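Accompanying notes for the structure given below.
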Amino acid sequence: MYQFNFQPVLANLDLLIHGAWLTVKLSLMAMMLGLIVSVLGAVAKTSGIRPLRWVADIYVEVIRNTPFLVQIFFIFFGLPAAGISLSPNVAALVALVVNVGAYGTEIIRTGIESIPRGQVEAGRALGLSPVQIFRYVIMVPALRNIYPSLTSQFIYLMLTSSVVSVISANDLAAAGADLSARTFANFEIYLVLTIMYFLLALGFSTLFAGIRRIFFSYPASR
Amino acid sequence: MKLNRRTFAVLAAGALAMGMGLSASAADLETIKRAGAIRIGMLVDFPPFGVQDVSGKPDGYDADVAKALGEFLGVQAQIVPVTGPNRIPYLLSGQVDVLVASLGITAERAEKVSFSKPYAGISIAIYGDSGLEVKDAAGLAGQSVAVARASTQDTGVTEVAPQGTDIRRFDDDASAVQALMSGQVKLIGLSNVVFSQLTGVAGDRFDKKFDLSSQVQGIAVAPGSDALLEQINAFVEQAKSDGTLDQIHEKWLGEPLPDFVKNAQ
């Protein structure tokens, strides 16, 4: 019978919490920057300008058709050869942004394409400026339509960030691995990690639900 | 088939060792000389000490030492492949006369077998950019050091590193070496075996800064083989002083026999 011993976990809880904090920071920043990349990518993909579309197409296809592990290795171990040397945590952030940006681009593109042409023409008929049309007639309804898929992609991003320990970034998964290497209480540690990741994901879901209520609800239901 | 034979060999070795007692199978120098051959057990799955060459013959540091030992005794060296767990039963049951099998000298093993003077060793050390000036553990402060997570290096570095050392833990030696080569870290905790492979790729870009820990290996005989052990010790002494071991070490590990092996008693 396996004897559970949570003493090593409790004694080093501060290490795990420190790791979890980095995971939260890393994920939040990657989500925000990733959203910007996604919107730019989606605009490029739906724009009439051919070269811009090609660049966005290549970016999306390359990232979506290669493993995240390879991407993060390339950024951390490969870029120094080109003179760009990033610290593990920064390299992890860049890799996550690049990765989530590609998936987000496709998600937001489908949102934009779900807006009927007539709606844009209606906006023009009302005398809205192109910026106003882009913001109120295209982006907000588009984001409202794809909000669930975008946010689940973001949750997935947070879970994917557990891979960044391979380049020695010190996130939650790395803190757990270090701790289990020292105490050999692997099962207890991974059980606690599972719970912590679950709580983090739950927290992000709640946050996204709140953002949806504030920014993407229909005016009528406010 | 192979597995069966090996399983049988282990069982037989165990039974023999138990039945005959420890000293019953002591190797006799006269018998070896008369037979004109010495049976030498070595590992073939422990590069670069014990490997198999392309034709499946045992090769590596231990194989070269075994051949040199045969020459020294004036008899033919018959190499018998053994495995880590069964090497001592092989010796104690008399299936081999001597082990040149990267057997680390420990007090526990010395109760079962007789060790010669050390002929090889594995050390763990801090290596890094040749230009970097780091002489001891205190010099690690403010530096980044890559190690494989939970390895002996990890334990060693973590133990001696002063405050302000940036220890970067990777999943394995390969990733840690990659971090060193791409310039992401300036230092690395590594065994001399892996480092010798690294020098094969990176030349003299990196050098050793200071040792963390070491383990010496000895040639082993069954207890009671005193005449043979005396000859083996004479061989090790001569091979150390005439440069034979330096040459073999240079061939397989890229540097002469390290001082911690030469000076160990």
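Observations
- Crossing angle, helix A:186-215 versus chain A [Cα axis fit, 0-90 degrees, rounded to tens]: 20
- Under-5 Å amide H pairs with B:F206, H placed in peptide plane, nonlocal only: B:S130
- Helix B:244-253 and the longest principal axis of the Cα set of chain B meet at an angle near 50°.
- Among A:L143, A:L199, the order of accessible area from largest down is A:L199, A:L143, computed with a 1.4 Å probe on protein heavy atoms.
- The 3J(HN,Hα) values that the Karplus relation (6.51, -1.76, 1.60; θ = phi - 60°) gives for the range B:28-37 are, in residue order, 9, 4, 4, 4, 5, 4, 5, 6, x, 8 Hz. Gly and Pro appear as x.
- Translational D in µm²/s for the protein assembly as shown (Stokes-Einstein at 25 °C, 0.890 mPa s, Kirkwood Rh from C-alpha pairs): 90
- Take the Cα of B:E71, step 7 Å toward its Cβ, do the same at A:I211, and the gap between the two points is 7.3 nm.
- Cut-off under 5 Å, modelled amide H: who pairs with B:S213 long-range: B:I124
- The angle separating the long axis of helix A:140-160 from the principal Cα axis of greatest extent in chain A is about 20 degrees.
- Seen from B:A148, the other residues with C-beta closer than 13 Å to its C-beta sum to a net charge of -2, counting Lys and Arg as +1 and Asp and Glu as -1.
- Modelled FRET efficiency - R0 30 Å, B:T158 with A:I17, Cβ distances, 0.05 increments: 0.90
- B/A buried area, accessible surface, summed, 1.4 Å probe, Å²: 1100
- Cα gyration tensor shape of the range A:11-96, rounded if a/c is under 1.5, else prolate or oblate by comparing a/b with b/c: prolate
- Estimated Rh, the range A:7-221: Kirkwood, alpha-carbon pairs, angstrom: 19.1
- Rg over Rh [alpha-carbon atoms, Kirkwood Rh] for chain B: 1.03
- Distribution of pairwise C-alpha distances over the range B:123-214, 5 Å bins, in %: 3, 16, 30, 29, 17, 4, 0
- Virtual spin-label span in nm between A:W54 and A:R117, 7 Å along Cα→Cβ: 2.6
- Convex hull volume per residue in cubic angstrom - Cα atoms of the range B:171-265: 127
- Summarised as an ellipsoid, the range A:95-198 has semi-axes of 45, 12, 9 Å, derived from the eigenvalues of the Cα gyration tensor scaled by 5 and square-rooted, with the largest first.
- For A:V62 and B:D172, the FRET efficiency from 1/(1 + (r/R0)^6), where r spans their Cβ atoms and R0 equals 25 Å, is about 0.40.
- Unsatisfied cross-links (Cα-Cα over 28 Å) in the set B:K67/B:K112; A:K25/B:K135; A:K25/B:K209; B:K57/B:K208: A:K25/B:K135; A:K25/B:K209; B:K57/B:K208
- Summed residue charge, Cβ within 11 Å of B:Y127's Cβ, Lys/Arg positive, Asp/Glu negative: +1
- Once the 1.4 Å probe is applied to the protein heavy atoms, the range A:68-222 comes out at 50 Å² accessible per residue.
- Per-residue 3J(HN,Hα) values for the range A:46-53, derived from phi via the Karplus relation 6.51 cos²θ - 1.76 cosθ + 1.60 with θ = phi - 60°, read 9, 6, x, 7, 4, x, 4, 5 Hz in sequence order (x marks Gly and Pro).
- The amide H of B:V82, built 1.01 Å from its N in the peptide plane, has B:M42, B:L43, B:V44 as neighbours under 5 Å, considering only residues 5 or more places off or on other chains.
- At 0.890 mPa s and 25 °C, Stokes diffusion of the range B:22-104 via Kirkwood alpha-carbon radius, µm² per second: 192
The values are calculated or read from the model by the stated rules, or taken from the named source; none is laboratory data. Just so it is clear, the structure is predicted and the values come from calculations on it, not from any experiment. For neighbour counting, all protein chains shown are included, and Cβ atoms are generated from backbone atoms with ideal geometry for every residue, glycine included. For accessibility, only protein heavy atoms count, side chains too; no ligands or nucleic acids. Shrake-Rupley method; radii C 1.70, N 1.55, O 1.52, S 1.80 Å.
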